[in-house]
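The values are calculated or read from the model by the stated rules, or taken from the named source; none is laboratory data. This one's a predicted model, so the numbers in the text were calculated from it and none came from an experiment. Here Cβ is always computed from backbone atoms with ideal geometry, including for glycine, and neighbour counts include all displayed protein chains.
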Amino acid sequence: DVKVTQSSRYLVKRTGEKVFLECVQDMDHENMFWYRQDPGLGLRLIYFSYDVKMKEKGDIPEGYSVSREKKERFSLILESASTNQTSMYLCASAPGTGARGKLFFGSGTQLSVL
Amino acid sequence: AQTVTQSQPEMSVQEAETVTLSCTYDTSENNYYLFWYKQPPSRQMILVIRQEAYKQQNATENRFSVNFQKAAKSFSLKISDSQLGDTAMYFCAFMKHYRGGGSEKLVFGKGTKLTVNP
């Protein structure tokens with residue numbers, strides 16, 4: 001089974017802190033994604049990566065950056081956390097071809113910024 | 001830009017009964033995919049069912065089936081013989097068809113919270 005592991009299930013940070021959310025997948029997938037989930041807003045794409053060191057902005061990249069130094073790991077970085085970044089963050093992966101929209105998700109990180 | 005609309009924030013159904021979740025979408029694309037994803041209380045989202053727009057036949061997966069109306073841009077999910085384990089958030093999603101595959105950028109709706117009552 002494909003496993004997508006997010007390093008923290010719950011995280012509490014202070015305003016202004018630099019925050020790293022880590023995601024690791026074990027199926028050699030080319031594509032990796034970071035989504036943000038908020039009640040009443042659904043899932044919104046922050047960034048995605050289709051190869052090592054490659055990244056593309058999603059719909060809401062402001063305030064975030066990403067890093068993909070190794071194929072299996074995709075990190076989301078909040079350079080200076082703000083209270084409006086309190087949210088559920090979901091990581092997902094998919095093979096480079098043939099996935100036809102089937103994403104494999106992690107269990108999410110609930111981030112609270114105080 | 002594509003949009004996906006789920007008009008039912010919450011629904012409930014009795015165990016063993018049938019429930020239908022609604023989804024509409026807006027796109028100018030002709031080739032695309034539509035999905036229903038399920039997010040149980042464990043938070044890990046899984047794909048329930050997928051429909052390719054060029055296929056006229058509605059997709060089915062065991063107790064789950066869809067009613068795909070391309071002209072009306074409607075894509076509803078029917079769950080038959082509802083089980084307690086079906087309790088979850090359900091998200092409708094859209095993806096353009098990319099030649100050669102890849103990208104997999106999905107646009108999600110806001111979700112419908114389904115509760116199955118014993």
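How many residues are of a type in the set (Phe, Trp, Tyr) and closer than 15 Å to residue A:68 by Cβ if we restrict to the stretch A:21-38?
2
Within the set of pairs 6 or more residues apart or between chains, which connect a residue that is more than 7 Å from chain A (Cβ to nearest Cβ) inside the stretch B:39-50 to a residue that is part of a loop (DSSP other than H, G, I, E, B) and among the hydrophobic types (A, V, I, L, M, F, W, C) with Cβ atoms less than 9 Å apart?
Once the first residue is more than 7 Å from chain A (Cβ to nearest Cβ) and sits in the stretch B:39-50, its partners that are part of a loop (DSSP other than H, G, I, E, B) and among the hydrophobic types (A, V, I, L, M, F, W, C) give B:39/B:45; B:49/B:59.
What is the number of the single condition among (1) buried (at least 20 other Cβ atoms within 10 Å of the Cβ); (2) over 30 Å from residue B:34 (Cβ atoms) that residue A:47 does not meet?
(2)
Is it the case that some residue within the stretch B:56-68 is away from chain A (no Cβ under 11 Å), assigned to a loop (DSSP other than H, G, I, E, B) and of a type in the set (Ser, Thr, Tyr)? Reasoning before the result, please.
Taking the stretch B:56-68 and keeping what is away from chain A (no Cβ under 11 Å), we get B:56-68.
Of the ones still in play, those that are also assigned to a loop (DSSP other than H, G, I, E, B) are B:56-59, B:62-63.
Add one more test, that the residue is of a type in the set (Ser, Thr, Tyr), and what stays is none.
No, the conditions are met nowhere in the stretch B:56-68.
Filter the stretch A:56-74 down to the residues that are under 20 Å from residue A:5 (Cβ atoms) and within 14 Å of chain B (Cβ to nearest Cβ) and list them by number.
Once the filter is applied, which keeps residues that are under 20 Å from residue A:5 (Cβ atoms) and within 14 Å of chain B (Cβ to nearest Cβ), the stretch A:56-74 yields only A:74.
Identify the residue in the stretch B:32-75 that is among the small types (Gly, Ala, Ser), more than 10 Å from the chain's Cα centre (by Cα) and more than 23 Å from residue B:1 (Cα to Cα) and, among all such residues, is surrounded by the most Cβ atoms within 10 Å (Cβ to Cβ). Give the steps one after another, and end with the answer.
Going residue by residue through the stretch B:32-75, those that are among the small types (Gly, Ala, Ser) are B:42, B:53, B:59, B:65, B:71-72, B:74.
From what is left, the residues that are more than 10 Å from the chain's Cα centre (by Cα) are B:42, B:53, B:59, B:71-72, B:74.
From what is left, the residues that are more than 23 Å from residue B:1 (Cα to Cα) are B:42, B:59.
Values: B:42: 10, B:59: 19.
That would be B:59.
Quickly run through the stretch B:4-35 and pick out the residues that are assigned to a loop (DSSP other than H, G, I, E, B), more than 14 Å from chain A (Cβ to nearest Cβ) and at pLDDT 95 or above.
B:15, B:16, B:17, B:18, B:22
Just checking, which of B:38, B:78, B:105, B:73 is modelled with pLDDT of 95 or more and closer than 19 Å to residue A:90 by Cα?
Result: B:38 is the single residue among B:38, B:78, B:105, B:73 that is modelled with pLDDT of 95 or more and closer than 19 Å to residue A:90 by Cα.
In the stretch A:76-114, how many residues are assigned to a strand (DSSP E or B), out of contact with any helix residue (DSSP H, G or I) (no Cβ under 7 Å at 6 or more places or on another chain), away from every other protein chain (no Cβ under 14 Å) and buried (at least 19 other Cβ atoms within 10 Å of the Cβ)?
Looking only at that region, the number is 1.
Within the stretch A:34-54, work out how many residues are at the interface with chain B (Cβ under 8 Å from one of its Cβ atoms) and either over 19 Å from residue B:1 (Cα atoms) or modelled with pLDDT under 90 (or both).
2
With respect to residue A:71, is the statement that it is closer than 23 Å to residue B:92 by Cβ and surrounded by 14 or more Cβ atoms within 10 Å (Cβ to Cβ) true?
Answer is no for this residue.
If residue B:19 satisfies every condition in (1) surrounded by 15 or more Cβ atoms within 10 Å (Cβ to Cβ); (2) within 30 Å of residue A:3 (Cα to Cα) but one, which is the exception?
Residue B:19 satisfies every listed condition except (2).
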